[in-house]
Structures are given as C-alpha cells and as structure tokens.
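Taking it in order: structure first as structure tokens, then the write-up.
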Amino acid sequence: MDNLKEIIRAVCIISAAICIMDGLVSGTRLKNQMKFLLNLIFITVIVTPFLKGTLKFELPDLKNYTLPEYTKQDELYNEEIRIQTGENISSVLLQQLEAAGVECSKIETNVNISETNSIYISNVTVSADDFQAAAQVIRNSLGEETEVIDGNR
C-alpha cells in the first residue's frame with residue numbers, strides 16, 4: 001500500500017512539473033525537448049514499480065464465485081416458445097381452412113417441445129361450422145394421427 005502511495009505521489013509531482021515546464025518554455029525552442037524529457041521521466045516513474053516487482057496485481061480466484069441459476073428464466077422462455085409455436089401453427093391451419101372454404105371461428109393448437117427441440121402437436125381444438133371438413137383439412141396438413149377436438153361441444 002505504501003508503494004502505491006509513493007507511485008501516486010511521484011506521478012502527481014511529475015504531472016505538475018510537466019504543466020509548469022510547459023508554461024515556462026512554451027515560446028522557446030526548447031519546448032519539444034523539455035516535453036520529451038519530462039514524458040520519459042513520467043513513463044519511467046510509472047513503469048519502474050512493475051519492473052522491480054514491488055507492485056503486483058493479482059486476479060481474484062474465479063472458483064470462489066458462483067453463477068446464479070437461470071432455471072426459472074429457461075422455463076419461461078421454453079413456455080413462451082411453446083405458446084408462440086402453437087399460435088403460429090393455428091394461424092397457418094386457419095389460413096388452410098379458409099382456403100378450403102370452411103368457416104372457422106376459433107382454432108387452438110396444443111404443442112409440446114421435447115428436450116431435443118422436437119415439436120409434437122398433441123391436439124387441435126377447432127370451432128367450425130362443418131367440423132368434419134375442418135378435421136379432414138387439419139389431418140391432411142398435420143397427419144392422420146393428429147387428434148382433432150370439436151370446440152363447439
């Protein structure tokens with residue numbers, strides 16, 4: 001700690017000397033030479049403690065610090081991805097139903113996402129005037145094994 005105080009004191013004195021000399025020799029030919037010499041002294045004052053080894057900086061041991069767990073954020077993120085995926089699939093299915101001429105008031109897709117990020121559509125709930133036609137369009141799009149639930153019941 002004493003070494004650090006001495007270094008700071010020396011840097012302050014050299015800085016003050018540089019300012020004073022700059023004011024005294026500002027209009028003379030010696031200005032550049034004096035500035036160069038004082039800058040060399042300034043650099044020497046700063047570098048000397050490091051070269052002697054009297055001033056050492058050690059980085060803290062990072063093993064002592066633990067990172068907080070982000071399991072709650074991961075769960076929220078995964079849930080939001082699941083919801084958004086279900087909404088996107090519902091939107092596409094609604095467009096396909098409209099293109100097929102089936103009137104549909106509501107469609108909801110339940111999606112599960114596995115640990116390997118595979119999307120599994122567990123069921124689709126549809127409220128349509130012609131449920132059988134809507135179910136057929138949905139099964140043609142998603143596969144025959146897709147469970148389609150009548151939302152009008």
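Overview of values
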| quantity | calculated |
| --- | --- |
| Simple Cβ-charge dipole of the chain, Lys/Arg +1 and Asp/Glu -1, about Cα centre, in debye nearest 20 | 2160 debye |
| The range 79-124, relative contact order [Cα under 8 Å, separation at least 6], % | 33 percent |
| Kyte-Doolittle at least -0.5, axis length at least 15 Å by Cα - qualifying DSSP helices, the chain | 2-24, 31-52, 131-142 |
| Global form of the range 1-56, assessed from the alpha-carbon gyration tensor, a/c cut-off 1.5 | oblate |
| Sum of -39500 (n - 2.57) over DSSP H runs of 4+, divided by residues of the chain (222 nm, nearest 500) | -19500 deg cm²/dmol |
| The chain, relative contact order [Cα under 8 Å, separation at least 6], % | 14 percent |
| Options 111, 44, 27, ranked by Cα towards positive dipole end of the chain, top entry (Cβ charges) | 27 |
| Pairwise label distance in nanometres, residue 2 with residue 92, each label 7 Å out on the Cα-Cβ vector | 7.6 nm |
| Reachable lysines from residue 52, criterion Cα separation under 19 angstrom, eight or more residues apart if same chain | 5 |
| Efficiency of FRET between residue 147 and residue 75 - r from beta-carbon atoms, R0 25 angstrom, step 0.05 | 0.45 |
| Net length gained if the chain between residue 140 and residue 16 were fully extended (0.36 nm per residue, minus Cα distance) | 36.2 nm |
| Hits among aspartates and glutamates - C-alpha to C-alpha of residue 31 under 15 Å, sequence gap 8 or more where chains match | 22 |
| Simple spin-label estimate for residue 132 and residue 51 in nanometres, 7 Å along Cα-Cβ | 9.6 nm |
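Rule-based calculations on the coordinates, nothing more; no lab input. Here the structure is a predicted model, which is why all the values come from computation and not from measurement. No Cβ is skipped: glycine too gets one built from the backbone with ideal geometry, and neighbour counts run over all protein chains shown.
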